[in-house]
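The structure appears right after this line, and notes come after that.
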Amino acid sequence: MEVLKKHYEKVLLGFVLLGLAVAVGFLPFKISSEKQSLGDLINRLSNPNAKPLTNIDLAGPDKLLKDMTMPALVSFSPPNRLFNPMQWQKATDGHLIKVDSTNVGPNALVITNRKELYLIVTLDDMTITEGGGRYRIGVKKEASSNPKEWAKTQKYCKVGDKNDTFIVREAKAPQDNPTNVVLTVELNDTGEQAKVSKEKPFKRIDGYTVDLKYPPENKAFPPGRRVGTTLNFNGEDYNIVAITEKEVVLSAKSNQKKWTVRYGASAAP
């Protein structure tokens, strides 16, 4: 024990030397193992086990390339506000209205009602003589530009007579009832053949009147506006130049620009 205490450094050094000898003896095996691992790795990288390629779907890339050949379309028109700042307008009651393409000017005009205007031809009376018949025919032109023609006027005619509305072409009546006459008249404007009797007048739609309002100014125009009527709203005058079954056409007096107001829809330039 005394000897161990005196020479423990030598004993410890001996163990260290022994360990180093073991490590040096293990190095060739470790080097060989690392070389084998590196060789296997190089082999796997040089000769990968690649799977064969399947059919490649190029639809996506082809579409992308096609889209890239199309020029980009950029619109700066409304509702884009980059070069179209929003405008506001004060209504008659003081509240502010956002000015856009639907709520100010002709676009905001609303058709509240429409009424048909007729050409009406009636057989009001007749006189039957040996020489033939003489007929009192009533004519009412509700769509005429002449207000005097809106009420019925009467004309005395016989077969062959012509006036500014029609020509009497034929008169037929049963032999046992000579007063039950059916007249055939030819209308001058269209050449249409019209049948007229006491029981059945002839009626044809020749135009329309409309009732209109302009909500931004809380303005309701007098009912029954006709072609030729002038409307004033949004600080400008507009003439009604046409009224059809489905739309009203306006013309601005300032620049003659036309606007179409459709039933149940906004106006369009």
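Assorted remarks:
Quick grid of which residues meet (1) surrounded by fewer than 13 Cβ atoms within 10 Å (Cβ to Cβ); (2) farther than 30 Å from E245 by Cβ:
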residue: E149; (1), (2): no, no
residue: C157; (1), (2): no, yes
residue: G160; (1), (2): yes, yes
residue: R169; (1), (2): no, no
residue: L187; (1), (2): no, no
residue: A194; (1), (2): no, no
residue: R204; (1), (2): no, no
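- Test: residue in region 235-246 that is among the basic types (K, R), under 18 Å from A108 (Cα atoms) and over 24 Å from the mean Cα position of the chain (by Cα): no
- Boolean, A50 is farther than 30 Å from T209 by Cβ, at pLDDT below 75 and not aromatic (F, W, Y): yes
- In the set N103, N107, only one residue is in a loop (DSSP other than H, G, I, E, B) and in the same structural domain as P223 (by TED's automatic domain parsing); that residue is N103.
- Filtered residues of region 125-135 (kept if loosely packed, with under 15 Cβ neighbours inside 10 Å, in contact (Cβ under 8 Å) with a residue 12 or more places away in the chain and not hydrophobic (A, V, I, L, M, F, W, C)): G132
- Restricting the first member to region 136-158 and to residues that are assigned by TED's automatic domain parsing to the domain that holds T179 and within 22 Å of K115 (Cα to Cα), and the second to residues that are part of a helix (DSSP H, G or I) and not polar (S, T, N, Q), the beta-carbon pairs closer than 6 Å and six or more apart or on different chains are K141/E149.
- Test: residue in region 229-238 that is at positive phi, modelled with pLDDT under 90 and surrounded by 15 or more Cβ atoms within 10 Å (Cβ to Cβ): yes
- Of the strands (runs of 3 or more DSSP E) entirely within region 116-224, those holding at least 3 residues that are over 30 Å from N234 (Cβ atoms) and of a type in the set (A, V, I, L, M, F, W, C) occupy 166-172, 182-187.
- Within the option set L183, L212, being touching a residue at least 24 places away in the same chain (Cβ under 8 Å), buried (at least 17 other Cβ atoms within 10 Å of the Cβ) and either closer than 28 Å to T112 by Cβ or assigned by TED's automatic domain parsing to the domain that holds V261 (or both) holds for one residue only, L212.
- Boolean, S77 is at pLDDT below 75 and loosely packed, with under 10 Cβ neighbours inside 10 Å: yes
Table: residues versus (1) more than 17 Å from D124 (Cβ to Cβ); (2) not hydrophobic (A, V, I, L, M, F, W, C).
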site	(1), (2)
T153	no, yes
K162	yes, yes
F166	no, no
T179	no, yes
V185	no, no
E192	yes, yes
T209	yes, yes
L212	yes, no
P216	yes, yes
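The values are calculated or read from the model by the stated rules, or taken from the named source; none is laboratory data. Only a predicted model underlies this, so the values are computations on that prediction, with no experimental measurement involved. Here the Cβ is made from the backbone with ideal geometry for all residues, glycine too, and neighbour counts use every protein chain on show.
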